[in-house]
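Chemist: I have a structure I would like to understand better, so I am pasting it below and will then ask my questions one at a time.
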Amino acid sequence: MPNLSLKASHKPIRAYYKQLKEYAKLGHSHEGAVKDAFADVLKVCGKQFNWTLVGEYSIKKGGKGKLIRVDGILQDEFGLIRGYWEAKDLGDDLPKWVKQKFQSGYPKDNIIFQRPDRAMLYQDGKQVYDADLQDDTELVEVLHRFFEYRPPQFDQWEKASDDFKQRIPDLARGLQELIQEQRKINKKFIAAFENFTLLCKQAINPNLADAAVEEMLIQHLLTERIFRTVFNNPDFTRRNVIAVEIEKVIDALTSRAFSRESFLKELDYFYRAIEETAATIQNFSEKQHFLNVIYEKFFQGFSIKVADTHGIVYTPQPIVNFMVRSVEDILQREFGKSLSDQGVHILDPFVGTGNFIIRVMREIRKTALPHKFEHELHCNEVMLLPYYIASMNIEHEFYELTGKYQPFEGICYVDTFELAEEQQLSLFAPENTQRVERQRNSPIFVIIGNPPYNAFQANENDNNRNRKYPIIDKRVAETYSKASKATNKNSLSDPYVKAIRWASDRVGKDGIIAFVTNSSVIEQIAFDGMRKNLEQDFDAIYTFDLGGNVRKNPKLSGTTHNVFGIQVGVSINIFVKKEVIIQ
């Protein structure tokens, strides 16, 4: 267990007392002023554990939606709450006030109640320390106890996740070797694998390699228990139209020699750690974040090349919020419409784990949501695990907003760029094909999301070069490339350029496109023809340069100055197309 490096002589402690003295000289003793001094100490200590202090945090208690608000929480990289903090001023009776807070439903696990001269620490429902904060050694002691405390489920989680991160490449290789062996000797599995591969090539990529299909089976095998248990969805593998098809192949694989239960038994402690840790999270959006981080770490340990190929980068919530609210504002001002209105079909063509669609659902009027959910919300995903997560995230959000469960039939397991190709083959399961066709026939009015972008990856090689899409590539060539005066036009092969070209053609005569992308489109010479075409194609363009181009500005350190934590600059671009211009 990590220890807090803090002594009474250290700068944060000295700064705490100095700040309180300055407040006292100015006559300030109320909570709103004096709590800042303690918050500063918590922030500094939290950095040692990669924890973030989040102020004014609301907690939902009970089934009636009752909210309580603490002055702060410390949250780790998985979104797990490691400690709570509640502050008061010098005039309050701290023990009496603590009793009242617990009666109102405040958490009793690692919470520190503090006023400038005293702190009471509760862990596991019991008071474990009462500190005289006028004594710097007692201040240090209560902070050590607060930051070094680990409830059993968190301690188990830290050990299991560290171990799993190290072992997952070997586990994946073991499964891959087993699959390759069974493909030689197991006739039932050979037939099932071939049929499944054909479905994948039709739905995802006609040039899909067998190794990529094997990887999909491995992803499913290693993660389906998480979806069943953490999301409390025991029927997941029977209800999800893609999981059903994969289970058919897994059943054939396990028809001889191989036992799924035996193979995964050694991972039981890891699954239990995830399940028990997730059970401590009451807020479902935080549970989503927890699982999203698990997913990212899973890919970092196993499917790095796949993640790199598809430019997997998840969008910070403030950017999602801004984009959705901006689209709603433009709809109202330019079209006299709303995201809630019937006839306004909304599509996220690169849905990831569902963040944009979920935020759109929250923006829609509750009375309008059932119709929108069933008929006018659409999204696509080409990678298996985020497709699974998005399906359940979106369905759960609908339940949270309406109190009713309804399967989401607007999500398609398909490569969005393949939809532009002249393809008439079935797209995976019949239900998935029907969803794709319904989307193709829908008059999409709003396209919103975060397309992949990876033209200049650090390790560009044969495995993660961008795919060729004849029709979209032709459209880019005859428009953006043809109009460019640049000598080197390689940047126009980036997926986000294809995404903008595809979306521009998809929305028709009226519509809005809102993408967060690489910011190269704003000023780089290779994109001059693209900018010229965008000016011709759209009646209004809103661009927000978020900066963060580490290569352009060597003074920027690593990825700390970028909203995504990546090397390339980022921009939000909103394109508006109107058939009738209203002055």
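The values are calculated or read from the model by the stated rules, or taken from the named source; none is laboratory data. Nothing here was measured: the structure is a model prediction, and the numbers come from that model. Quick reminder, even Gly has a Cβ in these numbers, built from the backbone with ideal geometry, and neighbours come from all protein chains shown. With ligands, DNA and RNA removed, areas are computed over all heavy atoms of the protein, side chains included. Shrake-Rupley method; radii C 1.70, N 1.55, O 1.52, S 1.80 Å.
Chemist: Could you pull out every residue, at least 5 positions away or on a different chain, whose amide H is within less than 5 Å of the one on Asp539? Hs are placed 1.01 Å off N in the peptide plane, and Pro or chain starts have none.
Modeler: Long-range HN contacts for Asp539: Val576, Lys577, Lys578.
Chemist: Another one. Could you grab the Rg to Rh ratio for the chain? Cα atoms only, Kirkwood for Rh.
Modeler: Ratio of gyration radius to Kirkwood radius for the chain: 1.00.
Chemist: Hey, if you drop one equal point scatterer on each alpha-carbon of the stretch 324-382 and run the Debye formula without solvent, what base-10 log of I(q)/I(0) do you get at q = 0.27, 0.29 Å⁻¹?
Modeler: Those come out to -1.20, -1.30, one per q.
Chemist: Now for a separate question. Run down the lysines and flag those whose C-alpha is under 19 Å from the C-alpha of Lys11, throwing out any fewer than 8 positions away in its chain.
Modeler: Leaving aside lysines fewer than 8 places away in the same chain, those within reach of Lys11 are Lys21, Lys35, Lys43, Lys47.
Chemist: Another question, if that's okay. Can you pull the one-decimal nm distance between simple spin-label points at Ser493 and Ala8, each 7 Å off the Cα toward Cβ?
Modeler: For Ser493 paired with Ala8, the spin-label model returns 6.6 nm.
Chemist: If packing is taken as the average count of other Cβ atoms within 10 Å, what order do 15-26, 488-499 fall into, highest mean first?
Modeler: 488-499, 15-26
Chemist: Now for a different question. Less than 28 Å apart at the alpha-carbon level, and either on another chain or at least 8 residues along: which lysines does that give for Lys532?
Modeler: Once the sequence-local lysines are set aside, what remains near Lys532 is Lys468, Lys474, Lys482, Lys485, Lys489, Lys498, Lys509, Lys552, Lys577, Lys578.
Chemist: Using r as the Cβ-Cβ distance of Lys96 and Arg150, and R0 as 35 Å, what FRET efficiency do you calculate, to the nearest 0.05?
Modeler: 0.70
Chemist: Looking at the stretch 172-239, which trypsin sites (Lys or Arg not before Pro) are DSSP coil and have at most 15 other C-beta atoms within 10 Å of their C-beta?
Modeler: Passing sites in the stretch 172-239 do not exist.
Chemist: Using 0.36 nm times the number of residues separating Ala24 and Arg173, minus their current alpha carbon distance, what extension gain do you get?
Modeler: Contour length minus Cα-Cα distance gives 47.3 nm.
Chemist: May I ask you to evaluate 6.51 cos²θ - 1.76 cosθ + 1.60, the Karplus curve with θ = phi - 60°, for each residue of the stretch 356-366 and list the ³J(HN,Hα) values in order in whole Hz, giving x for glycine and proline?
Modeler: 5, 4, 4, 5, 4, 4, 5, 7, 6, 4, 4
Chemist: By the gyration tensor of its Cα atoms, with a ≥ b ≥ c the square roots of the eigenvalues, what is the shape of the stretch 1-143: rounded for a/c under 1.5, prolate for a/b over b/c, or oblate?
Modeler: oblate
Chemist: Same structure, new question: Expressed as a whole percentage, what fraction of the accessible surface of the chain belongs to carbon and sulfur atoms when a 1.4 Å probe is rolled over the protein heavy atoms?
Modeler: Carbon plus sulfur share of accessible area: 49 percent.
Chemist: Then there's this: Projected area of the stretch 105-160, taken from the Cα convex hull and averaged over every viewing direction, in nm²?
Modeler: Result: 4.2 nm².
Chemist: Order His345, His378, His396 by their accessible area, 1.4 angstrom probe, all chains in place, largest first.
Modeler: His396, His345, His378
Chemist: Normalising by the residue count of the chain, find the relative contact order in percent from Cα pairs under 8 Å and 6+ residues apart.
Modeler: 9 percent
Chemist: For the chain, what does -39500 (n - 2.57) per DSSP helix run (n ≥ 4), summed and divided by total residues, give at 222 nm, in deg cm²/dmol to the nearest 500?
Modeler: Value at 222 nm, helices only, nearest 500: -14500 deg cm²/dmol.
Chemist: Further question: Distance between the C-alpha centers of the stretch 206-283 and the stretch 105-145? Whole Å please.
Modeler: So the separation of the two Cα centres works out to 43 Å.
Chemist: For a quick protection proxy, order the peptides 533-540, 400-407 by their average other-Cβ count within 10 Å, most packed first.
Modeler: 533-540, 400-407
Chemist: Still on this structure, please answer the following. Helix 94-103 versus the longest principal axis of the chain: what angle, 0 to 90°, nearest 10, using Cα atoms?
Modeler: 40 degrees
Chemist: While we're looking at this one, here's another question. Of Leu291, Gln332, Asn195, whose Cα points farthest to the positive end of the dipole of the chain (charges on the beta-carbon: +1 Lys, Arg; -1 Asp, Glu; origin at the Cα centre)?
Modeler: Sorting the options by dipole projection puts first Gln332.
Chemist: To continue, here is another question. In whole Hz, with x marking every Gly and Pro, tabulate ³J(HN,Hα) for the stretch 499-513 from phi via Karplus 6.51 cos²θ - 1.76 cosθ + 1.60, θ = phi - 60°.
Modeler: 4, 5, 4, 4, 5, 4, 6, 7, 6, x, 7, 10, x, 10, 10
Chemist: Okay, moving on. Per residue Cα convex hull volume for the stretch 343-418, in cubic angstrom?
Modeler: Dividing the Cα hull volume of the stretch 343-418 by its residues yields 77 Å³.
Chemist: I would also like to ask the following. Where only protein heavy atoms count, and the probe is 1.4 Å, what is the accessible area per residue for the chain in Å²?
Modeler: Computed with neighbouring chains in place, this is 46 Å² per residue.
Chemist: Below 29 Å, Cα to Cα, which lysines can Lys187 reach? Residues fewer than 8 away in the same chain don't count.
Modeler: Counting by Cα, and skipping residues close in sequence, Lys187 has these lysines nearby: Lys201, Lys248, Lys265.
Chemist: Per-residue counts of other Cβ atoms within 10 Å, averaged by peptide: what ranking do you get for 261-270, 474-483, highest first?
Modeler: 474-483, 261-270
Chemist: Under 5 Å between amide hydrogens, which residues at least 5 positions from Gly83 or on another chain qualify, with H placed 1.01 Å from N in the peptide plane?
Modeler: Leu74
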